[in-house]
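Values quoted throughout were computed directly from the atomic coordinates according to the rules given, and no laboratory measurement underlies them. These numbers were taken from a predicted model, which means no experiment stands behind them. In this analysis, Cβ positions are derived from the backbone assuming ideal geometry, glycine residues included, and neighbour counts consider all displayed protein chains.
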Amino acid sequence: MGASGKGEFSRRWCVLSDGVLSYYETERAVTPNGEIRASEIVCLAVPPPDTHGFEHTFEVYTEGERLYLFGLESAELAHEWVTCIAKAFVPPLAEDLLAQDFERLGRLPYKAGLSLQRAQEGWFCLAASELHAVFPEGPCEEPLQLRKLQELSVQGDNENQVLVLVERRRTLYIQGERRLDFVGWLAAIQKAAASLGDTLSEQQLGDSDIPVIVYRCVDYITQYGLTSEGIYRKCGQTSKTQRLLESLRQDARSVRLKEGEQHVDDVSSALKRFLRDLPDGLFTRAQRLAWLEASETEEEEEKVSRYRELLLRLPPVNRATVKALISHLYCVQCFSDTNQMNTHNLAIVFGPTLFQTDGQDYKAGRVVEDLINHYVLVFNVDKEELRKQREEVTAIVKMRVAGTASGTQHAGDFICTVYLEEKKAETEQHVKIPASMTAEELTLEILDRRNVGVREKDYWTCFEVNEREEAERPLHYSEKVLPILHGLGMDSHLVVKKHQSMEAMLLYLASRVGDTKHGMMKFREDRSLLGLGLPSGGFHDRYFILNSSCLRLYKEVRSHRPEKEWPVKSLKVYLGVKKKLRPPTCWGFTVVHETERHEKQQWYLCCDTQMELREWFAAFLFVQHDGLVWPSERSRASRAVPEVRLGSVALIPLRGSENEMRRSVAAFTADPLSLLRNV
């Protein structure tokens with residue numbers, strides 16, 4: 001039923017008794033016009049006042065795809081009816097939800113955690129911007145903070161829609177089996193997840209309490225604007241800036257800034273305008289004067305101490321936003337030899353913007369300049385955090401140089417799609433990958449998100465899967481994920497699953513004698529990769545010896561001179577051989593060797609038994625990683641990866657020539673603390 005006027009309502013006498021809501025023509029009528037059984041109610045909704053013509057209304061949805069709309073003049077009576085109906089149809093399992101001042105309450109089919117094979121029915125309650133849930137297998141879940149979601153999307157067609165809600169540690173799939181109430185839930189959740197107003201705390205927020213609109217802009221500038229001359233000083237086109245800002249304010253989470261569609265100056269102008277137009281300002285009206293007065297403190301140590309005190313007084317969202325912004329500006333000025341925006345120039349731009357002074361008070365610029373210069377001390381940034389920042393900047397330079405040399409450019413956010421156990425839409429997770437992230441950390445991140453408990457001898461591992469080659473490679477726990485991500489082809493993906501052979505491999509390594517492995521295997525070379533265009537023939541018996549430095553291939557056991565030899569640490573070993581090669585056994589692996597000229601050689605090996613395959617693969621891991629095949633004490637603590645890395649540079653390519661890039665970061669890469677001599 002859509003919006004209605006009072007005239008479209010029919011006055012009825014209603015009675016709720018023994019789990020049945022009956023409505024009669026009049027108070028004296030004996031036979032009801034109709035009735036609603038509590039067991040058939042799937043949702044109870046309380047729309048805003050005057051939504052349907054009456055000042056106070058509530059909606060009752062039933063399993064039969066029917067909607068009943070009730071209106072009352074009194075808020076107290078409406079609340080009393082809603083409370084009684086809720087108690088009648090909500091089971092004891094979910095009675096804690098009744099304590100919430102809910103907008104919608106009901107049951108929905110869902111999938112979550114590892115229970116993705118079939119949908120279950122859970123109880124949900126939408127209160128303000130929180131979605132509370134109770135699942136049949138456990139107590140009331142921690143509510144989902146809808147304005148802090150990493151993703152809110154609708155998948156499937158109109159007949160089989162699924163609402164996907166992604167938080168940092170969990171993903172929830174709500175299915176739209178009953179079209180009528182699902183549409184209502186969808187609209188209400190989308191509205192609750194949107195920004196509520198113009199203040200910072202009313203915006204869509206990330207895990208670190210930073211508005212999504214801020215880190216969307218900061219991330220884009222870090223990607224494409226750190227070396228852009230005059231960044232933040234130059235203004236974008238007014239019309240484009242205004243349209244972009246309106247989109248960000250409406251739903252920043254759904255906005256994807258792309259190079260070629262938005263210019264860096266348009267994005268930087270949108271960010272500045274957003275900060276300038278905040279009703280209470282970033283530093284708040286109540287504390288603005290105290291910040292300006294602190295800038296006049298002559299003794300530097302006392303000034304820094306004063307800034308730190310004022311920072312703690314700011315509301316949490318303001319405090320987090322100040323740190324994220326100053327961290328970003330600190331990175332911008334690291335490239336001042338290219339972008340011409342040193343600390344002083346940035347302060348001239350951002351002082352009036354953040355303090356909303358329109359350039360009338362020079363102290364505003366001084367505060368910003370002080371915060372950038374004393375970034376480490378004011379925000380308690382330790383040397384380890386600076387070290388990571390240096391590593392990430394170095395990684396950016398290397399990727400930029402490599403991209404320039406090869407004629408290719410990596411673009412876009414470094415966000416990796418990782419699957420849990422198998423490649424399916426409902427198992428995918430989107431993870432932002434910093435340069436320092438290892439395969440073990442990525443694995444723990446995925447398990448944390450899906451609330452997967454890890455038992456002893458659960459060897460969860462991240463696999464690189466190559467669908468075209470029908471092969472997969474379990475990543476070593478210490479491998480960095482970012483280089484692997486950039487090397488993935490269109491037919492490859494990452495999946496986190498249990499390594500079923502790891503226990504047998506560890507037992508083999510613990511019992512074997514010596515550091516070498518030798519034996520017969522069936523061998524086939526893929527010469528097409530070498531550019532010869534020749535058929536590679538079939539599989540042939542060859543004798544192999546693997547030691548700490550190389551893998552040698554002999555024609556037979558009695559041969560004295562190897563036919564081929566490869567440095568073992570340059571090899572990538574994948575489990576599996578593609579079927580079209582007709583491998584003689586099902587226990588094979590694919591070996592890839594990349595030469596110093598970046599030419600790839602590939603060949604295939606087959607063992608006679610599964611045990612032989614495990615032993616060879618274990619030997620490869622042992623040699624390649626100096627005997628460290630599995631971490632001795634693997635931590636299962638949650639690994640927090642905030643959506644915005646405070647004090648770090650996002651991992652994306654930069655503009656500018658190779659020489660410009662080298663000059664821009666040379667001093668910072670060598671010694672990041674050299675930029676803090678005024679601290």
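Overview of results
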quantity: Length-normalised contact order for region 256-364 - Cα pairs under 8 Å, 6+ apart - percent; calculated: 31 percent
quantity: Theoretical FRET efficiency, 1/(1+(r/R0)^6), r = Cβ-Cβ of Leu180 and Glu421, R0 22 Å, to 0.05; calculated: 0.05
quantity: Ser239 versus Ser478: modelled label distance in nm, points set 7 Å from Cα along the beta carbon direction; calculated: 5.8 nm
quantity: Kirkwood-type radius of region 474-523, with distances r between different C-alpha atoms, in Å; calculated: 14.4 Å
quantity: Gain on full stretching of the segment that runs from Lys258 to Glu76 - 0.36 nm per residue minus C-alpha separation; calculated: 60.4 nm
quantity: Per-peptide average of other Cβ atoms within 10 Å, ordering 289-302, 454-467 highest first; calculated: 454-467, 289-302
quantity: For region 415-500, size of Cβ-based charge dipole, Lys and Arg +1, Asp and Glu -1, in debye; calculated: 180 debye
quantity: Average projected area [Cα convex hull, region 6-89], square nanometres; calculated: 5.5 nm²
quantity: Compactness of region 415-500 - radius of gyration and Dmax, Cα, Å; calculated: 12.0, 35
quantity: Distance violations [Cα-Cα > 18 Å] among Lys424/Lys580; Lys522/Lys555; Lys457/Lys498; Lys303/Lys383; Lys258/Lys480; calculated: Lys424/Lys580; Lys303/Lys383; Lys258/Lys480
quantity: Ranked packing of 180-189, 62-71, most packed first, by mean Cβ within 10 Å; calculated: 180-189, 62-71
quantity: Alpha-carbon gyration tensor eigenvalues x 5, square-rooted, for region 202-370, Å; calculated: 26, 19, 14
quantity: Distance (nanometres) between label positions extended 7 Å along Cα→Cβ at Asn342 and Leu509; calculated: 5.3 nm
quantity: Rounded FRET efficiency, nearest 0.05, which uses the C-beta distance separating Glu25 from Glu594 and R0 of 60 Å; calculated: 0.10
quantity: Sorted largest first, extent of region 503-624 alpha carbons per principal axis (Å); calculated: 44, 30, 29
quantity: Debye intensity ratio I(q)/I(0), log10, region 104-193, q values 0.20 Å⁻¹ (C-alpha model); calculated: -0.95
quantity: Computed E for Glu565/Thr609 - FRET, C-beta separation, R0 22 angstrom, nearest 0.05; calculated: 0.25
